[in-house]
Amino acid sequence: METLENKMRIGILGGGQLAMMMIQMSAKHNINFIVVDPNDNPPASKYAECIKSDYNNKDSLDYLIDNCDVVTIDFENVPSEALKYLENKISVYPGSYAVEICQDRLKEKDIFNKNNIPTTEYHIVNSEEDLSLAIDNLGTDSILKSRKLGYDGKNQILINKHSSKEAWSLSGKVEAILEKKVDFKTEVSIIGVCTKSSKTFFYPLVENFHKDGILNLSIAPYENSELQKLAESYHNKITKELNYTGVLVIEFFLDKLGNLIANEMAPRVHNSGHWTNEGANISQFEAHVMAIADINIKNISIHGNSAMLNIISAMPEDINENSNSYKLYDYGKSERLNRKLGHITVNNNNKKDLIENINRISKSFF
Ligand code: ADP
Ligand code: MG
């Protein structure tokens, strides 16, 4: 009989829906999970032991060191000191170096540029004067983005609506970049998982549609073999440089000339990969867990066409938990404007049926 002694033990910093799905989707591997999260009853707390504490609480970190084989994260803004503290004693995937880079838009841009991966045009902004000069250079069709703590379009200010003085003041006067707006054809992301033996498996490109800066709909696969190859080569350059283990996702703009322009990256499983739970032989969540636990991944393949629709701000009243045409994930969170509360995934053999399905579901619920 399996005992706790020979079970793999994984700690997760952050107990949101990403941690929740890592635990749910890797149930068959019989892993013991321990979650640390400063909030009351985060989504993952239903499925694993959950310690309510700040991420840099030494007692909690020591508890993970004593009771886990490896630690991972469910969001990138965990203090890197906490990761460094853990790293001295146990394996942490992804490591503090990779996470620190992904916490800062400027460091991300630097690593993209160093590896000849195209990015948007941008200027560093540390003062109102910097911003004014940057706007002179890039024009008013640009976005002021804080270097740190941005997600779901937060901490971003569209300049065309504001003077530099107003925008600087609205930004909270924090370290930022001014980024030229890209007139994109669409947005895509590449999800790849790096194993401990330095193999990388990729999912096909995903096409992403945002509303007010928040991901609304993802559709996969986005079939374009040349772009797939290019995105994979960019991903390989980054993970090599970061000596990366686990899932890493890069978001791109696809401009009207067909160029991939890197926007940002996430050192973790990603909202644009939720469709893999139903649409792939191994979901991004299970793949991440397998990679960090050193469980062999033979291959990653998908079936049919998949889509994921986010449920934001409010849970539709007549949504069906047991529908035949879609799968509902309810994160069990209280409703709040622009909060991600759950998602729906749809899988179809062909894209035409998938699009019809998405339209029908969108009409009835959103
Ligand atoms: P985050 O997802 O961390 O909030 P992003 O930089 O990905 O920040 O911005 C969110 C969304 O806002 C993007 O997916 C895109 O739809 C839009 N956006 C951000 N930057 C630009 C840009 N430079 N040009 C055009 N659209 C942008
Ligand atoms: Mg983004």
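Structure notes:
- Candidates Ile344, Ile12, Ile355: whichever shows maximal mean-square fluctuation once the chain is modelled as a Gaussian network with Cα springs under 10 Å: Ile355
- Under Karplus coefficients 6.51, -1.76 and 1.60, residue-wise ³J(HN,Hα) of segment 197-210 in Hz, glycine/proline x: 8, 6, 9, 10, 10, 10, 8, x, 3, 10, 8, 10, 10, 10
- Taking the Kirkwood radius as Rh and the Cα radius of gyration as Rg, segment 4-92 has a ratio of Rg/Rh equal to 0.93.
- Shape summary: segment 184-365 maps onto an equivalent ellipsoid whose semi-axes, from the alpha-carbon gyration tensor, are 27, 19, 16 Å in decreasing order.
- In nm, spacing of pseudo-spin labels at Glu81 and Asp212 (7 Å Cα→C-beta vector): 3.6 nm
- Tail weight of P(r) past 27 Å, computed on alpha-carbon pairs of segment 68-225, percent: 36 percent
- Across Lys148/Lys351; Lys196/Lys333; Lys211/Lys351; Lys109/Lys229, pairs whose alpha-carbon gap is larger than 28 Å: Lys148/Lys351; Lys196/Lys333
- Förster-model FRET efficiency, 35 Å R0, Asp110 and Asn41, C-beta, rounded to 0.05: 0.35
- Apportionment of accessible area to carbon and sulfur, the chain, percent (1.4 Å): 44 percent
- Candidates Glu241, Glu251, Glu108, ranked by Gaussian network fluctuation over the chain, Cα under 10 Å, top entry: Glu241
- Between Glu232 and Lys165, the C-beta separation translates, for a Förster distance of 56 Å, into a calculated FRET efficiency of about 0.80.
- Pairwise FRET efficiency - Asn338 versus Ser364, Cβ, R0 = 22 Å, nearest 0.05: 0.55
- Taking all pairs of distinct alpha-carbon atoms in segment 222-309, Kirkwood radius in angstrom: 14.2 Å
- Two-site label geometry, Asp294 and Asp353: point separation in nm, points 7 Å out along Cα→Cβ: 4.3 nm
- Within a Gaussian network of the chain (alpha carbon springs, distance under 10 Å), most fluctuating of Asp136, Asp353, Asp40: Asp136
- The mean of 1/r over all distinct Cα pairs in the chain, once inverted, gives the Kirkwood hydrodynamic radius of 21.3 Å.
- Amide H contacts for Glu264 (H built 1.01 Å from N in the peptide plane; partners 5 or more residues away or on another chain; cut-off under 5 Å): Glu251.
- In angstrom, the C-alpha Rg and Dmax of segment 1-160 are 19.5, 69.
- At a probe radius of 1.4 angstrom, the accessible area of the chain per residue rounds to 46 square angstrom.
- Proportion of all alpha-carbon pairs of segment 121-180 beyond 18 Å (%): 17 percent
The values are calculated or read from the model by the stated rules, or taken from the named source; none is laboratory data. What you see is a predicted model; the values in this text were computed from it and never measured. We place every Cβ from the backbone using ideal geometry, glycine too, and count neighbours over all the protein chains shown. When the accessible area is computed, the model is the full protein with side chains, heavy atoms only, and any ligands, DNA or RNA have been set aside. Shrake-Rupley method; radii C 1.70, N 1.55, O 1.52, S 1.80 Å.
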